[in-house]
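Every number here is computed from the coordinates shown, using simple stated rules; none is lab data. What you see is a predicted model; the values in this text were computed from it and never measured. Positions of Cβ are generated from backbone atoms using ideal geometry, with glycine treated the same way; all protein chains shown enter the neighbour counts.
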There are 2 protein chains.
Amino acid sequence: MTDDRPRPVKTTQTSLALVRAVRESDGATLSELADRLELAKSTVHNHLHTLVDEGFLVRDGDTFHVGLQFLAFGEHARGRNPLYATARRHVYSLAETTGHEADFIVEENGRAYSLEYAIGESSRRSLSESSPFRAGNRFYMHNCASGKALLASMSESRVGEILERWGLPATTDHTITDEAELFDELEAIRRRGYAVNDEELIDGYRSIGAAVTDPNGEVVGAFSVGGPTYRMATDESTAEELAQLLRDEIGSLESTLF
Amino acid sequence: MTDDRPRPVKTTQTSLALVRAVRESDGATLSELADRLELAKSTVHNHLHTLVDEGFLVRDGDTFHVGLQFLAFGEHARGRNPLYATARRHVYSLAETTGHEADFIVEENGRAYSLEYAIGESSRRSLSESSPFRAGNRFYMHNCASGKALLASMSESRVGEILERWGLPATTDHTITDEAELFDELEAIRRRGYAVNDEELIDGYRSIGAAVTDPNGEVVGAFSVGGPTYRMATDESTAEELAQLLRDEIGSLESTLF
DNA sequence: GCCGTCCGTTCGGAATGCGTGAACGGAAGA
DNA sequence: TCTTCCGTTCACGCATTCCGAACGGACGGC
């Protein structure tokens, strides 16, 4: 049900598809991309060269990479969020005090974007920095802890819009794919005060999240703390303990900003 | 002399021009953009909607903003640089010990991109965070300290290529616009061991920079430290002092990485 | 309460410029 | 040397983009 309301600009779409493909394969050659997207080499050629010219791709020998030009736009978008400067410090603080992975997430267009991500010392050593998480990551709202925390604080109609737009795609066997089940879960989150993600996003990854609301009661973002299942106990007391840390951090943020 | 070698994809160019315009005006409406780029409203309409659909723009009421989607690409590009993770810590360290602004810069396609930027406590208070600098910023090589430090460590032919591609545009009265003068300056930098930027980029801004080279002697990046002229003395001893700090930091980085 | 003006949106039509495929040249590797 | 891969070039035909005019809704002045 992804109706392209107005007439989409196909040329732009293919250019962007190329950029996306370059990122996904972490560098690709012209022929690889032509095969992958089923386009003529000459077509890809023209697109790649204009993208390089614009600074959005870089050529290194015969392989193309994502250009640093993106960084300025990304930083601009991130910096526009009034919470970012403050929230990032709390992410670092959370990562340090818990030793787990922490991030701050906001909603945009029905998707959850990580604005800052950090990993605690203890986890960093064992993971050797190989976490799939990183600032800028985009998630669905229904299968990550922060996303669910955000949804739980939204109006039912807003949640409905988001579900209609993005559905409930599954990424693991534990992902909630039933709408009624999700609404029950959101109710539980509101009661509990925090959200739990138990391998719903990635197998072997568990996390808990809590939302930040502004004085008008609008949700403006969410923090989460998580890690591999063997390091994140399931019992309620540990969860409560982490949730308390989240709440403290959020309280401190809210008192400085609002 | 910006010859578009192959046939540029004009549609992609206008899409990107729109994104750029949105960023420059920090949010813009459809009509504003149509006026600005001299395009029909319907054309802009189609472009904006596909860009929103792809997540590269967001719509907030009637104004469009740069989307968070850029962040993932930017972080990806930045993370590809093998020095980044280490260099960023040194940027923070430099900002803290000097109290000034510090950044780490790399060259891509003949331009200098800031990968990380930080501002020392003492400066932050007085500037109230209003610095024009930020990670992702793109500079010309010839009018910033790090850029000149990079050029000074490159082969003459490489420098020639860059100058041919980008020229020597002036941003202040102090910008070096003469090629011979620039080469003299680069010679002086090599002799001195560090580069100085005295209001060549922005009026009232002074900085010094030094390059990082890998074991093969290739330049891989540069650090710089700077601030408003009233806080950055011109006398050689202060410059030498800061240069020494830069050298120490670079030495420490090189010993951990190489 | 009405008209003027602004916004974004829609749609048919027309020319532009995008996409193709075949041919070229150059760099490796067999 | 011959093969095979790469990226590059070019002329052609048609899909697509771009336009302009018309529409509908929101706002504000008169």
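Across identical copies of the chain, residue B:59 has label-point separations of 3.7 nm, listed in ascending order, with the point defined 7 angstrom from Cα along Cα→Cβ.
Angle of helix A:84-98 to the longest C-alpha principal axis of chain A, folded into 0 to 90 degrees and rounded to 10: 60°.
The orientation-averaged projection of the convex hull spanning the C-alpha atoms of segment B:74-257 amounts to 9.9 square nanometres. Take each residue in B:76-88, count the other chain C-beta atoms within 10 Å of its C-beta, and the mean is 4. With R₀ fixed at 41 Å, the C-beta to C-beta distance from residue A:248 to residue B:80 puts the FRET efficiency at about 0.65. Across segment A:113-120, coupling constants 3J(HN,Hα) worked out from phi with the 6.51/-1.76/1.60 Karplus curve, θ = phi - 60°, read 10, 7, 8, 8, 9, 8, 10, x Hz, and Gly and Pro carry x. The charge dipole of chain A, taken about its Cα centre with unit charges on the Cβ of Lys, Arg, Asp and Glu (plus for the first two, minus for the last two), comes to roughly 840 debye.
Taking amide H as placed 1.01 Å from N in the peptide plane, residue B:212 has its amide H under 5 Å from the amide H of B:220, B:221, B:222, B:223, each at least 5 places away in sequence or on another chain.
Length, then width, then depth: along the principal axes, the Cα atoms of segment B:10-67 run 23, 20, 19 Å.
On full extension of the chain, what length is gained from residue A:238 through residue A:60, given 0.36 nm per residue of separation minus the C-alpha to C-alpha distance? Please report the intermediate quantities before stating the final value.
On the way: separation 178, 0.36 × 178 = 64.08 nm, distance 4.86 nm.
Length gained, residue A:238 through residue A:60: 59.2 nm.
GluC sites (Glu not before Pro) within segment B:30-85: which are DSSP loop residues with at most 13 other Cβ atoms inside 10 Å? Walk me through the numbers on the way to the answer.
Values: sites: B:32, B:38, B:54, B:75; in loops: B:38, B:54.
Filter output for segment B:30-85: B:38.
Relative to the longest principal axis of the Cα atoms of chain A, the long axis of helix A:69-79 lies at roughly 30 degrees. Peptide B:12-21 is shielded by partner chain Cβ atoms: per residue, an average of 5 of them sit within 10 Å of its Cβ.
Less than 5 angstrom separates the built amide H of residue B:205 from those of B:199, B:229, all sequence-distant by 5 or more or on a different chain. Annotation for residue B:96 and residue A:230: the two label points, set 7 Å from Cα along the Cα-Cβ direction, are 3.2 nm apart. Placing a label point 7 Å from Cα along the Cα-to-Cβ direction at residue B:193 gives distances to the equivalent points in the other copies of 5.8 nm, listed shortest first. Once the chain from residue B:10 to residue B:175 is taken as fully extended at 0.36 nm per residue, the excess over their C-alpha distance is 56.1 nm. Between segment A:124-192 and segment B:179-239, the alpha-carbon centres lie 48 Å apart.
Remark: label point of residue A:40 defined 7 Å out from Cα along the Cα-Cβ vector; separations to the same position in other copies 2.6 nm, ascending.
State to the nearest 20 debye the size of the charge dipole of segment A:85-191 about its Cα centre, where the only charges are +1 on K and R beta carbons and -1 on D and E beta carbons.
My answer is approximately 500 debye.
Building the convex hull from the alpha-carbon atoms of segment B:15-166 and averaging its projection over directions returns 11.4 nm².
Shielding value for B:41-53 is 4, the average number of Cβ atoms from other chains within 10 Å of each residue's Cβ. If I build a Gaussian network model for chain A, linking alpha-carbon pairs within less than 10 angstrom, which residue out of A:112, A:77, A:40 has the largest mean-square fluctuation? Between A:112, A:77, A:40, it is A:40 that shows the largest mean-square fluctuation.
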